[in-house]
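Have a look at the structure below before the remarks.
Nothing in this text is a laboratory measurement; each read-out follows from the coordinates by a stated rule. What you are looking at is a predicted structure, and each value in this text was computed from that prediction instead of being measured. Here Cβ is always computed from backbone atoms with ideal geometry, including for glycine, and neighbour counts include all displayed protein chains.
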Amino acid sequence: MDNFMVSVIIPAYNEGENIDMIHDALEKEFKALSCDFEAIFVDDGSRDDTLARIRTLAEHAPEVKYISFSRNFGKEPALIAGLQHAFGETVIIMDADLQHPPSLIPQLLDGYFEGYQQVVARRTREGESKSRSFLSSSYYKMVNKLAQVDLADGEGDFRLLGRQAIDAILAMSEGNRFSKGLFSWIGFEKKVIHYENVKREKGDSHWSMKQLLEYGIEGILSFNQRPLRMVFYAGFLIMGLSLIYISLMFIMILFRGVAVPGYFTTISSVLILGGVQLISLGVIGEYVGRIYMETKRRPHYLVKESNTERKSYEKME
Ligand code: UDP
Ligand code: MG
């Protein structure tokens, strides 16, 4: 494979113990393939020795590039930074914690040479806590009902992208990013390969339940206006039911007079309507908040230190 280069993007947040391991694994894989690669580590404002370890590694490994953020910006900005700095014909995105087995790289590349712009490694949910896998799979069922993009359970960020797909992703300038949705939105031929779930090598998962919930809401809201529409329908439904109820009561009163003071019905309708209104306001507020964030057009990330040039200057800021 002459003159063919693969950029591997590795977002790393407090992954000090994993840096050398993932680099060794990559080196081994690419040597076997006799294929050039660059490893782009994106240090997402880690508080441990991640940056120091990457720096040391970069001193004697010319294929190691790094970008270090001024603070923790999150995995999504880390991915963009990686994509913007990637020089390869194709990019492979993988986690630093070795949960994305580097041994799949040959299969990913095979997919690329078969002509696919996206090759996705899809994982089974074995070894994951029951509650989390239940939550995830119900979440995907819900999102696919609600949103206008197709997300598949177990398809994460571990994937290969060809140049066309990379440029498509970079051309999307939104600040609130939900990569899973973006990957699906851009289209292109996609191939899926499967692998067994792997437990984290060192350190802990950085996702708390609260972050997962927020990520989930992001996924639903960032891709469609359907929740707004549902609120609208709900309002209609409730108004219709109330009208029927009021006319029935009116007729009853005409014929029988006022029977019991309507304490129960008053309170229950006030409560129900109050609830519906609060939910609707919440949904609208979420969208308004997103509009507000987007209008600021802040950069996705700030670089503190780096040993590589940015390749693309697409309208990202
Ligand atoms: N990560 C990151 N910034 C963050 C959180 C995570 O760059 O704020 C990186 C992390 O270092 C890892 C990848 O994203 O390489 C996936 O994170 P993690 O293993 O915590 O997620 P999980 O595998 O549990 O979904
Ligand atoms: Mg992980």
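General remarks:
- Residue by residue, segment 72-79 carries 3J(HN,Hα) couplings of 6, 9, x, 5, 4, x, 4, 5 Hz when phi is fed to the Karplus relation 6.51 cos²θ - 1.76 cosθ + 1.60 (θ = phi - 60°); x denotes Gly or Pro.
- For the chain, modelled as a GNM whose springs connect Cα atoms under 10 angstrom apart, the maximal fluctuation among GLU114, GLU17, GLU218 occurs at GLU114.
- Inter-probe distance in nm under a simple model that places probes 7 Å from Cα toward Cβ, at GLN225 and ASP150: 2.5 nm
- Using a Gaussian network model of the chain in which every pair of alpha carbons under 10 angstrom is joined by a spring, one finds that among ASP157, ASP24, ASP36 the greatest mean-square fluctuation is at ASP24.
- Helix 209-221 and the long axis of the chain differ in direction by around 80°, with both axes built from C-alpha atoms.
- Computed from backbone phi with θ = phi - 60° and the Karplus coefficients 6.51, -1.76 and 1.60, the 3J(HN,Hα) list for segment 53-68 is 5, 5, 4, 4, 4, 5, 4, 10, 10, x, 7, 8, 10, 8, 10, 10 Hz; x is used for glycine and proline.
- Across the cross-link table entries LYS199/LYS304; LYS145/LYS190; LYS180/LYS210; LYS130/LYS190, which are compared at the Cα atoms, the separations over 23 Å belong to LYS199/LYS304; LYS130/LYS190.
- Rounded, prolate or oblate (a/c below 1.5 giving rounded, otherwise prolate when a/b exceeds b/c) for segment 10-145 by Cα gyration tensor: oblate
- Counting only aspartates and glutamates at least 8 places from LYS28 when in the same chain, those with an alpha carbon closer than 15 Å to its own are ASP20, ASP36, GLU38, GLU63.
- Remark: spin-label model distance THR124-LEU237 equals 3.9 nm, labels positioned 7 Å along the Cα→Cβ axis.
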